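Undergrad: Below is one structure. I have some questions about it.
The values are calculated or read from the model by the stated rules, or taken from the named source; none is laboratory data. Keep in mind it's a predicted model, so treat the numbers as computed, not measured. Here the Cβ is made from the backbone with ideal geometry for all residues, glycine too, and neighbour counts use every protein chain on show.
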Amino acid sequence: MKDEIHLDICNSYGELCNEIDYYNNERYQWKLAKLSPNQYATYLKTGKHPIIEG
């Protein structure tokens, strides 16, 4: 099952922020070097893999 963002279940601004935060910071992707989207963006900018190079 693919892990996607579910904006339709959000009933408040806080729930929306939590869903977006999860999507960008906690949802790891194999296609993005096993990183979350934000970690991958940092990896592209610095060239340092945050998991391997700590």
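Undergrad: Taking the residues in segment 5-54 that are in a loop (DSSP other than H, G, I, E, B) and in contact with a Phe, Trp or Tyr (Cβ under 8 Å, 6 or more places away or on another chain) as candidates, determine which candidate is surrounded by the most Cβ atoms within 10 Å (Cβ to Cβ). Give the steps one after another, and end with the answer.
TA: Quick first cut of segment 5-54, residues in a loop (DSSP other than H, G, I, E, B) only: 5-6, 10-12, 27-28, 33-34, 36, 47-54.
Next, from what is left, pick out any that are in contact with a Phe, Trp or Tyr (Cβ under 8 Å, 6 or more places away or on another chain): 5, 33-34, 36, 49-50.
Details: I5: 14, A33: 15, K34: 13, S36: 18, H49: 15, P50: 14.
The extreme case among them is S36.
Undergrad: Which one is farthest from S36 (Cα to Cα) among residues in segment 1-21 that are of a type in the set (D, E, K, R) and at pLDDT below 85? Even if it seems obvious, please write down each step before you answer.
TA: Pass one, segment 1-21, residues of a type in the set (D, E, K, R): 2-4, 8, 15, 19, 21.
After this cut, where a residue has to be at pLDDT below 85 as well, the list is 2-4, 8.
On the way: K2: 15, D3: 12, E4: 13, D8: 22 Å.
Across segment 1-21, the extreme among qualifying residues is D8.
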